[in-house]
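The values are calculated or read from the model by the stated rules, or taken from the named source; none is laboratory data. The shown structure was predicted, so the numbers you read here are calculated from the model rather than taken from an experiment. Methodologically, a virtual Cβ is constructed for each residue, glycine included, from the backbone with ideal geometry; neighbour enumeration extends over all protein chains shown. Ligands, DNA and RNA are excluded from the accessible area calculation, which covers all protein heavy atoms including side chains. Shrake-Rupley method; radii C 1.70, N 1.55, O 1.52, S 1.80 Å.
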Amino acid sequence: SMACPMPGVIVSVAVQVDDQVVTGDEVCVLEAMKMQQVLRADWTGVVAAVHVRPGQQVSDGDRIIEFQ
């Protein structure tokens with residue numbers, strides 16, 4: 001699974017369940033400290049679950065995506 005690196009708000013989610021992703025693909029955009037940060041897949045796999053939605057507040061360590 002992929003965890004949130006810092007507290008913030010999810011701006012957008014670029015993947016959905018069953019999507020194939022490769023290392024470096026955009027997964028979602030997080031706004032933290034008034035800056036937007038693109039979170040990217042850190043390995044290749046298939047998305048098994050998406051735990052966030054746009055507008056959602058997230059904390060450091062919250063699960064964002066799970067891979068199969």
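Miscellaneous remarks
- Single residue of the range 43-61 satisfying the filter (surrounded by fewer than 11 Cβ atoms within 10 Å (Cβ to Cβ) and either at pLDDT below 95 or not charged (D, E, K, R) (or both)) that is nearest to Ser12 (Cα to Cα): Gly55
- The residues of the range 22-36 that are part of a strand (DSSP E or B) and free of Cβ contacts under 8 Å to residues at least 24 places away in the same chain, listed by number, are Glu26, Val29, Glu31, Met35.
- Contact map, the range 4-21: residues that are in a strand (DSSP E or B) and at pLDDT 95 or above paired with residues that are small (Gly, Ala, Ser) and surrounded by 15 or more Cβ atoms within 10 Å (Cβ to Cβ), Cβ distance under 6 Å, separation 6+ or inter-chain. Pairs shown: Gly8/Ala32; Val21/Ala41.
- Looking only at the range 26-42, and only at residues there that are charged (D, E, K, R) and farther than 14 Å from Ser1 by Cα, the one that is most open to solvent (accessible area, probe 1.4 Å): Lys34
- The range 37-46, residues that are assigned to a strand (DSSP E or B), in contact (Cβ under 8 Å) with a residue 24 or more places away in the chain and aliphatic (A, V, I, L, M): Leu39, Val46
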